[in-house]
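The block underneath contains the structure these notes are about, expressed in structure tokens.
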Amino acid sequence: MPMRPLGLCALFLLIWLNTALATDNAVYPVDVTHWWVSLGEQASIQVIERHLAEQGIVWITEAMAGSGTSRYMDVVRRRVAAGNPPMASQVIGYDIQEWARQGKLANLDAIAEQQEWDEVVPFDIQHLSKYQGHWVAAPINAHSTNWLWLNQPQLSRLGLTVPDTWPDLIHMLEAARLADIIPLAIGRDAWEHTLLFESVAAGAGGAEFYRRVFLDLDPVALDDAMLGLIFQRMSQLREYMDEGMNTRSWDQGTDLVRTGQALMQVQGSWVNGEFNAHGMIPGQDFACFRFPDTQGVFLFNSDQYMFFKDYPVDPGIRNTFASTLMEVELQRELNIATGAAPARVDVPRESFNQCGQRAINDLRAANMRRTVMGSIAMGNANPGKVKEAIYTVVSDHLLGRISDAQAVDRMKAVIINAARSQGN
């Protein structure tokens with residue numbers, strides 16, 4: 001969906017305001033930005049729009065396509081700097097903290113207390129939704145990134161089953177290569193490379209290693225041998241990727257799996273949403289497995305909405321928008337469409353597909369074990385500068401620009417420098 005010119009957005013706002021004044025039914029048009037433009041993402045946006053329309057709130061939407069969120073946030077920053085902020089903006093991870101530090105976000109504590117967000121949202125997601133103990137964003141889902149998505153007919157044809165261990169995974173990839181199928185579909189962007197890396201890191205090092213090194217940025221936890229193993233495994237996976245990775249996007253990789261041209265993709269649960277949008281059924285058309293050796297770990301990416309306090313709107317409308325996002329029924333319908341688990345742990349799971357139910361079960365279990373941990377790739381683990389530095393090391397290595405040993409040294413430097421800057 002192309003980005004809508006700001007002048008046109010303002011015109012639509014005036015039209016809707018005039019409509020509201022001319023009718024008995026109040027209509028409240030509000031300016032919202034998001035980056036959901038793929039087929040599955042559009043279905044998700046429609047769920048939110050419908051629930052808000054029932055409250056009289058109509059979106060004047062500015063959608064920005066593109067992999068990752070850096071370009072999206074650049075547009076939002078320009079709008080805010082020009083004195084033209086949206087009312088609400090989709091956001092993930094530590095970007096929330098950046099905006100809150102600038103004093104740009106509305107306080108949502110009253111709504112959070114009324115709906116008991118503290119009781120129903122997993123702690124590690126709350127950590128990103130809050131700033132200095134105050135709610136400043138509303139989480140709408142809990143995607144997890146440590147998934148394998150496979151084409152079920154190809155899986156069955158090759159006689160393959162659930163890969164519990166690293167050797168199992170390599171066996172599957174080799175079988176696909178021998179069958180002249182793309183073993184592992186991946187795209188061109190550094191965030192995709194890092195998403196693969198985080199699953200490899202969590203599988204090789206375990207939950208404690210992942211948390212201490214990549215979330216806590218603890219230099220004491222750095223282990224040359226373990227980092228070496230992680231990058232060695234990334235080099236192994238490189239052998240099962242095709243040249244097309246240099247030009248494709250993540251959803252084009254998903255299409256390769258959907259059509260059987262590729263066996264698998266390591267991606268977030270938004271792939272479930274894409275497959276849902278195409279009418280595909282788990283166990284029949286596709287399969288979802290946890291990345292080997294990450295069973296029990298939930299690496300998360302939570303889409304959230306933040307609210308700019310300088311946007312000229314009645315606070316009641318903003319509060320209604322936020323509270324609607326957090327309603328059980330919206331989160332149920334929304335995440336059937338997105339393929340994610342809801343951000344609330346109390347949403348009934350019966351109407352979700354097999355992969356969605358597994359995600360909900362995994363989130364609840366990992367929340368109890370404290371193994372819900374932020375995705376490095378999606379900005380839920382580190383502030384932006386640290387994330388970008390990790391991107392560079394991982395992508396340079398995956399593309400063969402640096403060796404395993406060089407990658408280890410550079411990753412250690414990233415963690416040590418990040419720890420120093422944060423006073424660790």
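The table for this structure:
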read-out: Subset of segment 209-225 that is of a type in the set (A, V, I, L, M) and part of a helix (DSSP H, G or I) - its residue that is least open to solvent (accessible area, probe 1.4 Å); value: 213
read-out: Verdict on residue 401 being among the charged types (D, E, K, R), under 22 Å from residue 189 (Cβ atoms) and buried (at least 16 other Cβ atoms within 10 Å of the Cβ); value: no
read-out: Scope segment 229-257; condition among the acidic types (Asp, Glu) and farther than 15 Å from residue 169 by Cα; matching residues; value: 242, 243, 251, 255
read-out: Within segment 296-312, tally of residues that are among the aliphatic types (A, V, I, L, M) and either under 15 Å from residue 322 (Cβ atoms) or in contact with a Phe, Trp or Tyr (Cβ under 6 Å, 6 or more places away or on another chain) (or both); value: 1
read-out: Residue satisfying condition, being closer than 29 Å to residue 99 by Cβ, modelled with pLDDT of 95 or more, among the aliphatic types (A, V, I, L, M) and crowded, with 21+ Cβ neighbours inside 10 Å, within set 169, 184, 195, 148; value: 195
read-out: Boolean, residue 343 is in contact with a helix residue (DSSP H, G or I) (Cβ under 9 Å, 6 or more places away or on another chain), in a loop (DSSP other than H, G, I, E, B) and within 21 Å of residue 35 (Cα to Cα); value: yes
read-out: Sole residue being closer than 20 Å to residue 124 by Cα and without any contact (Cβ under 8 Å) to a residue 24 or more places away in the chain, chosen from 361, 335, 301; value: 361
read-out: Residue 49 vs. criteria in a strand (DSSP E or B), of a type in the set (Asp, Glu) and more than 28 Å from residue 245 (Cα to Cα); value: no
read-out: Enumeration of residues in segment 84-115 that are open to solvent by 10 Å² or more (accessible area, probe 1.4 Å), of a type in the set (Gly, Ala, Ser) and not in a helix (DSSP H, G or I); value: 103
read-out: Residue match in segment 226-233 (condition: of a type in the set (Phe, Trp, Tyr) and not in a helix (DSSP H, G or I)); value: no
read-out: Filter result (open to solvent by less than 20 Å² (accessible area, probe 1.4 Å) and assigned to a helix (DSSP H, G or I)) within segment 127-145; value: 128, 129
read-out: Hits in segment 316-340 (condition: more than 20 Å from residue 288 (Cα to Cα) and assigned to a loop (DSSP other than H, G, I, E, B)); value: 326, 327
read-out: Cβ pairs under 9 Å, 6+ apart, first in segment 177-194 and in a loop (DSSP other than H, G, I, E, B), second among the β-branched types (Val, Ile, Thr); value: 186/266; 187/247; 188/247
read-out: Criterion: under 19 Å from the mean Cα position of the chain (by Cα) and of a type outside the set (D, E, K, R) - qualifying residue of 289, 321, 308; value: 289
read-out: Output for segment 245-264, where each listed residue is in a helix (DSSP H, G or I) and either touching a residue at least 40 places away in the same chain (Cβ under 8 Å) or surrounded by fewer than 16 Cβ atoms within 10 Å (Cβ to Cβ) (or both); value: 245, 246, 250, 251, 252, 253, 254, 256, 257, 258
read-out: Members of segment 25-44 found to be assigned to a helix (DSSP H, G or I) and open to solvent by less than 10 Å² (accessible area, probe 1.4 Å), listed by number; value: 40, 44
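Okay, residues lined up against (1) within 26 Å of residue 109 (Cβ to Cβ); (2) at pLDDT 95 or above; (3) aliphatic (A, V, I, L, M); (4) part of a loop (DSSP other than H, G, I, E, B):
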| position | (1), (2), (3), (4) |
| --- | --- |
| 273 | no, no, no, no |
| 276 | no, no, no, no |
| 289 | no, yes, no, no |
| 292 | no, yes, no, yes |
| 300 | yes, yes, no, no |
| 304 | yes, yes, no, no |
| 307 | yes, yes, no, no |
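Every residue, every condition in (1) under 18 Å from residue 226 (Cα atoms); (2) in a helix (DSSP H, G or I), yes or no:
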| residue | (1), (2) |
| --- | --- |
| 361 | no, yes |
| 380 | no, no |
| 390 | yes, yes |
| 396 | no, yes |
| 401 | no, no |
| 407 | yes, yes |
| 411 | yes, yes |
| 423 | no, no |
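The values are calculated or read from the model by the stated rules, or taken from the named source; none is laboratory data. Computed from a predicted structure; not experimentally measured. Neighbour counts run over all protein chains shown; Cβ positions are idealised from the backbone, glycine included. Surface areas here come from the heavy atoms of the whole protein model, side chains and all, with no ligands, DNA or RNA. Shrake-Rupley method; radii C 1.70, N 1.55, O 1.52, S 1.80 Å.
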